[in-house]
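What follows is a set of notes on a single structure, which appears directly below.
The values are calculated or read from the model by the stated rules, or taken from the named source; none is laboratory data. None of the values given here were measured: they were computed from a predicted structure. Reconstructed Cβ throughout: ideal geometry from the backbone, glycine too, with neighbour counts over all protein chains shown.
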Amino acid sequence: MYKALFFDFDGLLVNTEMCHYLSYKDAFKAFGVFLDLDFSSYCDIAHHASPESFHDYAIATFGAKFPYSEMREHKKTLYLERLDREKIDLMPGTAELLASLLIEQFSFAVVTNANLDQVELIRRHHPLLQAVPHWITRDDVTRSKPDPEGYLLALSSFPFAPEDTAGLEDTPKGLLALHRAGIRPIHITTRNYSIPCPIEHTFPTLIQFAEFYLSNLKEKL
């Protein structure tokens, strides 16, 4: 069915979203304000297709003079500290799917907005992630998702047309990046997001995608 697969990282392959959320709460607190969002509301804003959605929320809530850029840099530091002291779990289905793709020598890559130092702190605990041959991180591109730059760079590693490939994302901004790159978007979510582009398939979790595709991997992929 597809000649290559592309995967997001945070929230799709690894369970980092709560870690991001708690780091943001601590960062806002360090700047004297309280992030009055529950986890679900945070996800709705942070994962929006607009790259400025969380910035816009902060300015609308705390005023135009709120030092958002400085707060975000502090959040990155807090997040790295969390990753350094905590082991991040793989999402259900990740291990089975990656192991099968590696055994089959199937073409795939991970394309993430995470910086390389963040990725390395996570994958040090997971040999399967270390075995993934192709990674595009935030350090490899000048523009983050929903810009398609990362996916276009990943495509250049393979001799396939974009329409012969598919990508898995759990957020609207990631789906939009896939769509703009010409890659078929597959949405992995249980959330009721507003989707900014056509999508190929939707699965509630990665494990359903893995079960569906790995049952006949050689015939379907």
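Can you work out which of the residues in segment 1-46 that are part of a strand (DSSP E or B) and not charged (D, E, K, R) is surrounded by the most Cβ atoms within 10 Å (Cβ to Cβ)?
6
What are the pairs, 6+ residues apart or on separate chains, where a residue within segment 94-115 that is over 16 Å from residue 168 (Cβ atoms) has its Cβ under 8 Å from a residue that is at pLDDT below 95?
The qualifying pairs are 104/217; 104/218; 104/221.
Just the residues that are of a type outside the set (Val, Ile, Thr) and in contact (Cβ under 8 Å) with a residue 40 or more places away in the chain, please, taken from segment 178-188.
Of everything in segment 178-188, those that are of a type outside the set (Val, Ile, Thr) and in contact (Cβ under 8 Å) with a residue 40 or more places away in the chain turn out to be 178, 184.
Looking at (1) more than 15 Å from the chain's Cα centre (by Cα); (2) closer than 20 Å to residue 212 by Cβ, which is the only condition residue 157 fails?
For residue 157, the exception is condition (2).
Within segment 44-66, does at least one residue satisfy the condition of being within 18 Å of the chain's Cα centre (by Cα) and of a type in the set (Ser, Thr, Tyr)?
Start the filter on segment 44-66 by keeping residues that are within 18 Å of the chain's Cα centre (by Cα), which leaves 44-54.
Next, only the ones that are of a type in the set (Ser, Thr, Tyr) stay: 50, 53.
Yes, segment 44-66 contains a residue that is within 18 Å of the chain's Cα centre (by Cα) and of a type in the set (Ser, Thr, Tyr).
I need the full set of residues from segment 62-75 which are in contact (Cβ under 8 Å) with a residue 24 or more places away in the chain and either under 30 Å from residue 5 (Cα atoms) or part of a loop (DSSP other than H, G, I, E, B) (or both), in order please.
Kept after step one, since they are in contact (Cβ under 8 Å) with a residue 24 or more places away in the chain, are these residues of segment 62-75: 62, 66-67, 70-72, 74-75.
Passing the criteria: 66, 67.
Restricted to segment 128-153, and to residues that are closer than 12 Å to residue 177 by Cα and among the small types (Gly, Ala, Ser), which residue is surrounded by the fewest Cβ atoms within 10 Å (Cβ to Cβ)?
144
With the structure loaded, tell me whether residue 102 is outside the structural domain of residue 174 (by TED's automatic domain parsing), assigned to a helix (DSSP H, G or I) and surrounded by fewer than 21 Cβ atoms within 10 Å (Cβ to Cβ) or whether it fails that test.
For residue 102, the condition - outside the structural domain of residue 174 (by TED's automatic domain parsing), assigned to a helix (DSSP H, G or I) and surrounded by fewer than 21 Cβ atoms within 10 Å (Cβ to Cβ) - is not met.
Scanning for something within 20 Å of residue 93 (Cβ to Cβ) and either over 16 Å from the mean Cα position of the chain (by Cα) or surrounded by fewer than 23 Cβ atoms within 10 Å (Cβ to Cβ) (or both), does segment 174-184 turn up at least one residue?
yes
Condition first: out of contact with any helix residue (DSSP H, G or I) (no Cβ under 8 Å at 6 or more places or on another chain) and surrounded by 13 or more Cβ atoms within 10 Å (Cβ to Cβ). Now tell me which residues in segment 82-99 satisfy that.
Listed by number, the list holds a single entry, 89.
Hey, among the residues in segment 125-177 that are β-branched (Val, Ile, Thr) and touching a Gly at 6+ places or on another chain (Cβ under 6 Å), which one's nearest to residue 107 (Cα to Cα)?
The qualifying residue nearest to residue 107 (Cα to Cα) is 136.
State yes or no: is residue 158 surrounded by fewer than 19 Cβ atoms within 10 Å (Cβ to Cβ) and touching a strand residue (DSSP E or B) at 6+ places or on another chain (Cβ under 7 Å)? Please lay out each step first, then the result.
Values: surrounded by fewer than 19 Cβ atoms within 10 Å (Cβ to Cβ): yes; touching a strand residue (DSSP E or B) at 6+ places or on another chain (Cβ under 7 Å): yes.
Yes, satisfied.
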